[in-house]
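First the structure, in the form of structure tokens, and then the observations on it.
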Amino acid sequence: MERNPMRRQLAVMRQSLFDQGYLDEQFVQLEELQDDANPNFVEEVVTLYYRDSARLILNVEQALERKPFDFNKLDGYMHQFKGSSSSIGAKKVKAESTLFREYCKSGNGEGCMRTFQQLKKEYATLRKKLEAYFQVPIIFQFFSLSTLLNMCF
Amino acid sequence: MARNGAVTWRRRTEKIESFDLSPSDTEEVHVLAVDDSHVDRKVIERLLRISSCKVTAVDSGRRALQFLGLDEEKESNGLDGLKVDLIITDYCMPGMTGYELLKKIKESSAFREIPVVIMSSENVLARIDRCLEEGAEDFIVKPVKLSDVKRIKDYMTRDFRVGERERGRGINKRKLRDSCDLSLSPPSILSSSSPSSQSQSPSLSPSILSATAPCSPSSLDSPTRRLKMTSSE
């Protein structure tokens, strides 16, 4: 049991991220790769994830603005996005990516759009929670204005 | 390890003839990791380093071939000085897929002996079979875990080349887990199975997916169930 109240609070925060389904086992894997020589490994990977995947989010957004939808392209972007999300243990984000891909495969544009909105919400929520946990801001790049507005709720 | 020129020092390994261990000739395994995802590269690099491997991480099959000195268009520029003991590559990459990279390596007389491990986020039996048939040592389903890296590292420390063909394609060659993309029953060689799968895709319609998405599993691929070999989750 942590005697340090700050640490205890962080431990509680961490546990709730798992309990509420935001993170899965893969996040624990990343934590196990952290040591005294690499004390910020998880934070680095998460930061890299948000920086790298921002581009994919933007690509999907732009692709959803062009009708008719190019489902192949959309699926391709989401395949990459899902991969990275899976690598950091982003459980809810990954689930939305999977759903999005299913809609791509069945050519369901409405489903894609709906799911994408939900995906962006989960993506933003996770970022906020991880920022609180790491206690550092995770910097975004390459966002369109509409995405930024959508995310800053 | 102490340098000892005396004849009483016996070494079991046959490859070292002199005791002159220069820095470039350490016993640390050198792995060439290939993945277009920056996040995955960072993770695999760390997984390998923490498992005491030297790592060179590149972002494409083309660069991997260049590193090895196999790229047809570019002359080897001396980077291939460091011996590669294992190549671990993502399957789905733009340009050259991991499968194509595997083929090129196995076609090369200089490098075909290097074990190649394929990683993929998609657990598709036909894909796994294709890779193993082409000579891949193992197939890891992403996300990659420490236990996966530990397992493949074991291949390099044992004398696996002798037993390579003899071992065939048993269960230990595949990473199979519980959640699955396609929901049909497993082939009979897999004896233990979990009753339910997490997410199920609707059946795929070939007319929607065209060849421009090469890494999407086609409806022609055999379905497989991921089996959980560990008791986590």
- Can you name the helices (runs of 4 or more DSSP H) wholly within segment A:22-117 that have at least 3 residues being within 11 Å of chain B (Cβ to nearest Cβ) and free of Cβ contacts under 8 Å to residues at least 40 places away in the same chain? A:41-63, A:71-88, A:91-105
- Kindly check whether there is at least one residue in segment B:99-112 that is in contact with a strand residue (DSSP E or B) (Cβ under 7 Å, 6 or more places away or on another chain), at negative phi, aromatic (Phe, Trp, Tyr) and modelled with pLDDT of 95 or more. no
- Message: I need the full set of residues from segment A:1-40 which are exposed (fewer than 13 other Cβ atoms within 10 Å of the Cβ), out of contact with any helix residue (DSSP H, G or I) (no Cβ under 9 Å at 6 or more places or on another chain) and of a type in the set (A, V, I, L, M), in order please.
- Response: A:MET6, A:VAL12, A:ALA37
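The values are calculated or read from the model by the stated rules, or taken from the named source; none is laboratory data. Worth saying up front: this structure is predicted, and the values here are computed from it rather than measured. Every residue, glycine among them, receives a Cβ derived from its backbone with ideal geometry; neighbour counts consider all protein chains shown.
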